[in-house]
Structures are given as C-alpha cells and as structure tokens.
Amino acid sequence: MHEKCVNGTEATTAAQEETRTALMDAAERLLGQFGYRRLSVEDIAREAGLSRRTFYLYFSSKEEITLATDDRRIARLVARALPRLTSARAAAP
C-alpha cells in the first residue's frame, strides 16, 4: 500500500481510505440485502465494525454513501466495459 512519510500524512491518508472503503463495502452489501428504505447509518457502521460517529466523519448521510457506492459501481462497470468497446471498435471494418 502506501509507505509512511516522515510526518505520517500518507499513512494517515491510506488509513482513511481503508475506513472509507470499509464503509462503502458495508453499505453496498446491506443495500443489496435490505434496500435503501430499510437501511440505516447504524446498520452500515455496525457492518463495517465502526461507530456512527466515524461514519459521519466520512459521509454526511445515508444518501451520500449510497450515491458514492453507486458512483463506484458505475466506475467499475465502465472500467470493465471500456477495453471490450475499444477492441470491438478496432475490429470493426
């Protein structure tokens, strides 16, 4: 992952990114299981093994984390589809 800088900022950023990812992973799992309406911030934090307070350091609401997980899923889909689209376009006459 990241190496620790002299002042520790890069290591802190890596830890923050891991926490953010854990929250988003938990939200994604629970959204599939419960749906948006039944999902709560408490559920997400508990699933990630974190507190509600930590959740709110990273996201302002359930809506914000849901949109962030949607953005991440779309980015993954685009990343998988782009090489296929590019190779199909190159093979077309």
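The values are calculated or read from the model by the stated rules, or taken from the named source; none is laboratory data. Nothing here was measured: the structure is a model prediction, and the numbers come from that model. Counting neighbours? That spans all protein chains shown, and the Cβs are built from the backbone with ideal geometry, glycine included. Each accessible area value is taken on the protein alone, full model and side chains, heavy atoms only, with ligands, DNA and RNA left out. Shrake-Rupley method; radii C 1.70, N 1.55, O 1.52, S 1.80 Å.
Taking LEU82 and the conditions (1) at pLDDT 95 or above; (2) open to solvent by 70 Å² or more (accessible area, probe 1.4 Å), which numbered condition does it fall short on, given that it satisfies the others?
Among (1) at pLDDT 95 or above; (2) open to solvent by 70 Å² or more (accessible area, probe 1.4 Å), the lone unmet condition for LEU82 is (1).
Taking segment 13-31, which residues are of a type in the set (Gly, Ala, Ser), open to solvent by less than 20 Å² (accessible area, probe 1.4 Å) and more than 14 Å from PHE59 (Cα to Cα)? Spell out the reasoning first.
In the first step, residues of segment 13-31 are kept if they are of a type in the set (Gly, Ala, Ser); the result is 14-15, 22, 26-27.
In the following step, the residues that additionally are open to solvent by less than 20 Å² (accessible area, probe 1.4 Å) were identified as 14, 26-27.
The answer is ALA14, and nothing else.
For segment 26-61, what are the residues that are over 22 Å from ALA15 (Cα atoms) and hydrophobic (A, V, I, L, M, F, W, C)? Break it down into steps so the answer makes sense when it comes.
Step one: filter segment 26-61 for residues over 22 Å from ALA15 (Cα atoms), giving 30-40.
LEU30, LEU31, PHE34, LEU39 - these are the residues of segment 26-61 that are over 22 Å from ALA15 (Cα atoms) and hydrophobic (A, V, I, L, M, F, W, C).
List the pairs whose first member sits in segment 11-39 and is among the small types (Gly, Ala, Ser), whose second member is assigned to a loop (DSSP other than H, G, I, E, B) and open to solvent by 40 Å² or more (accessible area, probe 1.4 Å), and whose Cβ atoms are under 6 Å apart, counting only residues at least 6 apart or on separate chains?
Pairs found: ALA11/LYS4; ALA14/MET1; ALA14/HIS2.
Report, ordered by the first and then the second residue, all pairs with beta carbons closer than 9 Å, sequence separation of six or more or different chains, a first member in segment 63-82 that is closer than 11 Å to LEU31 by Cβ, and a second member that is aromatic (Phe, Trp, Tyr) and open to solvent by less than 100 Å² (accessible area, probe 1.4 Å).
ILE65/PHE55; ILE65/TYR58; ILE65/PHE59; THR66/TYR36
Which of the residues that make up segment 32-64 are under 18 Å from THR21 (Cβ atoms), open to solvent by 70 Å² or more (accessible area, probe 1.4 Å) and not in a helix (DSSP H, G or I)?
SER60, the sole residue that qualifies.
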